[in-house]
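J.: Below is one structure. I have some questions about it.
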Amino acid sequence: MSRLKFINIHIIAALFLLMLTACTSNTNTAEISETSITAETTTSRTETEITTTEETTVTETQTTAENSDYIVIRGEKYSTSLTELDLYFEMLSDEDIKDLDKMTNLTYLNLEYNKISDLSPLKNLTNLTKLNLGCTYISDISPLKNLTDLTYLNLGCNEISDISTLKDLTNLEYLGLTENQINDMSPLKKLTNLRRLELDGDQISDDDAENLKQTLPNCDIVLFT
């Protein structure tokens, strides 16, 4: 009897081990399944976040494009439908005015007393009739060559030496060139519509001054103050 009892004990122990192994296997399988679910959830969230970010970026880009009916200068919005814009003494830089090329409806623009030197954003503003660029540190005025509707142009107190661009701006009635570095005034001889020309402080000889007076008899020429 004791031998049979011994065998039964071993059989029970073996069955217990089998049951224990089965339980452990099920637990591991459950843990692996949970890990897989967690990984899938994380991946799904990441993909969703990426998609959302991309959609947001596209939306922002579209919004910017749609908002081309205004420009922003130093945090201020200006409608591109404006016909007059006064930015006097705003201490603006070339970077600040780069979007002025979108303001094609302007007929009047005042940029006097700003720190700009690049006039390229103005080159297509062909509706301008009045433009004030006094005291702005400019030296190159070639971007203005297509602004042939101008009747008023102030370029005083700058660093301009070459004014050949002005010869085609034949609608000018007022031209301010005071305090520059101009010594060749010949391009001005074609501006027969001028009624006032300010040249005080420029390097103009007496002969050039006299020639201008003869060429532009209807123009009030200011040579000295």
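FYI, it's all coordinate maths here, none of it is from the lab. Model, not experiment: these values are computed from the prediction. Note that we place each Cβ from the backbone using ideal geometry, even for glycine, and neighbour counts take in every protein chain shown.
J.: Could you check the spin-label model distance between Y113 and V72? Points 7 Å from the Cα along Cα→Cβ, value in nm.
T.: Rounded to a tenth, the inter-label distance reads 2.7 nm.
J.: Something else now. What is the Cα coordinate range of segment 71-222 on the first, second and third principal axes, sorted by size from largest, in whole angstrom?
T.: 50, 24, 20
J.: Another question, then. Distance between the C-alpha centers of segment 97-165 and segment 177-225? Whole Å please.
T.: If we compute the Cα centre of each part, the gap is 20 Å.
J.: Additional query: T192 to K145: FRET efficiency via 1/(1 + (r/R0)^6), r the Cβ-Cβ distance, R0 22 Å, to the nearest 0.05? Working shown, then result.
T.: Numbers: r = 18 Å, r/R0 = 0.83.
The calculated FRET efficiency here is 0.75.
J.: Taking 0.36 nm per residue of separation and subtracting the Cα-Cα distance, what length does fully extending S120 through S161 add?
T.: Extending this stretch completely gives an extra 13.0 nm.
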